[in-house]
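The values are calculated or read from the model by the stated rules, or taken from the named source; none is laboratory data. In this text the structure is predicted, and so the values were computed from the model without any measurement. Here the Cβ positions follow ideal geometry from the backbone for every residue, glycine too, while neighbour counts run over all protein chains shown.
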Amino acid sequence: MTHLPDRSETTGRCFGYGGLGPRDDDARRWVRDAIALLNRDAHRSADTHLIRLSLPALAGLEIYLKDESTHPTGSLKHRLARSLILYGLCNGHIGPRTTLVEASSGSTAVSEAYFARQLGLDFVAVMPRSTSASKIEAVARYGGRSHLVEHPAQVYDAARQIAAETGGYYLDQFTYAERATDWRSNNNIAESIYSQMAQEPYPVPCWIVMSAGTGGTSATLGRLIRYQGHDTRLCVVDPENSVFYDNYLSDDCALTGEHGSAIEGIGRPRVEPSFLPCVIDHMLKVPDAASVGAMMALSDHLFRRVGASTGTNFYGLCWIAAQMQARGETGAIVSVICDDGNRYGTSYYDAGWLADRGIAPEPYRDQIARFLDSGVWQPLG
Ligand SMILES: *Cc1c(COP(=O)(O)O)cnc(C)c1O
């Protein structure tokens, strides 16, 4: 006899409409209104900017950053939170009294708390204790409850357990990010980038550079590149204390890491189901000091603060730009501003915090600043 997987394992509990009668109608109406509410939020939102950097020293290269920090909840996770909740509603897992539960390093929890409040649903965020205070505060401000765990690898079991205890629904971004996002269209981040590039000198970028937390954004980018038949290559940049890079090289899905990533939002201690290595053309691994150094250099260049994962992206982008330059190639490179740096005033922008963790970004900051100013890539030790 064939073994069929237990459906509740993979899809969660069912929220039924309650059979025939008036209760059924009430619940059905609630779900319809909930979906309309999410669609209204999307309809009120403008698309995010695609910023073109002005870098005269990099002749023949055009550099763009998709600015996801301007969503109402401050990060690219605004798109994901909307998609994950729609996915739960349309799959019949979320009803008018469902407690929403999520495992997060912070940004997703903030965005989901925002939507949960609008829908009148209870929300519990399971996050590592190291999460930025400003994100924990934001969850509270939206009426959500934070459950903090010591180790980042504990978030999954804790979230599943809280969902079971409350009869709630575990949104599970690390599993569902890749499939909850409409990767073919619906103004996802990839489609938006290509349509905003349409009138540029090189409308099809040579490279798109992104980091991975759930892996959902790189999955959407890589799939759309194939679906639309572009020559773009996708580079994913991984920080220290993440297993994605090793999984990419080895195909080993059982890899685990002992420490959590120091770069909030990216780098994971296990190979997340939403991370799809087969759509990635190249991966880079960069030191945390390089992420923070590039974050500082880019913030100086833009006259505004960006987050550390944006620094990871930007370090990878500059490395690729230097390679292209050395080979005499021309073209466009696109990456992402994932969130705003003002969330990290007491961490990545605090010299004492960095020193306590042994993160010395200055050499990398100088390396990137020099590259932007003069086009010279000075290799470091
Ligand atoms: C989630 C996140 C990322 C990575 O995006 P994924 O689509 O989850 O891979 C990068 N930076 C920040 C700040 C994030 O919150």
Tally up the residues in region 285-341 that are within 14 Å of the ligand (Cβ to nearest atom) and polar (S, T, N, Q), please.
6
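Only one residue in A158, A140 is farther than 24 Å from R357 by Cβ and in contact with a strand residue (DSSP E or B) (Cβ under 6 Å, 6 or more places away or on another chain), so which one is that?
Among A158, A140, only A158 is farther than 24 Å from R357 by Cβ and in contact with a strand residue (DSSP E or B) (Cβ under 6 Å, 6 or more places away or on another chain).
Name the residues in region 231-244 that are surrounded by fewer than 21 Cβ atoms within 10 Å (Cβ to Cβ) and either closer than 30 Å to N342 by Cβ or at pLDDT below 95 (or both), would you? Step through it out loud before you land on a result.
First, pick out the residues of region 231-244 that are surrounded by fewer than 21 Cβ atoms within 10 Å (Cβ to Cβ): 231, 233, 240-241.
Within region 231-244, E240, N241 qualify.
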When you look at I193, is it part of a helix (DSSP H, G or I) and within 16 Å of the ligand (Cβ to nearest atom), yes or no?
yes
What residue, among those in region 84-106 that are more than 14 Å from the ligand (Cβ to nearest atom) and among the hydroxyl-bearing types (S, T, Y), is surrounded by the fewest Cβ atoms within 10 Å (Cβ to Cβ)?
Y87
Across region 216-259, what is the total count of residues that are closer than 24 Å to T181 by Cα, away from the ligand (no atom under 16 Å from the Cβ) and of a type in the set (S, T, N, Q)?
2
In region 287-311, what residues are surrounded by fewer than 24 Cβ atoms within 10 Å (Cβ to Cβ) and touching a strand residue (DSSP E or B) at 6+ places or on another chain (Cβ under 9 Å)?
S299, L302, R304, R305
Any residue in region 107-124 that is over 30 Å from H301 (Cα atoms), among the polar types (S, T, N, Q), more than 13 Å from the ligand (Cβ to nearest atom) and touching a residue at least 60 places away in the same chain (Cβ under 8 Å)?
yes
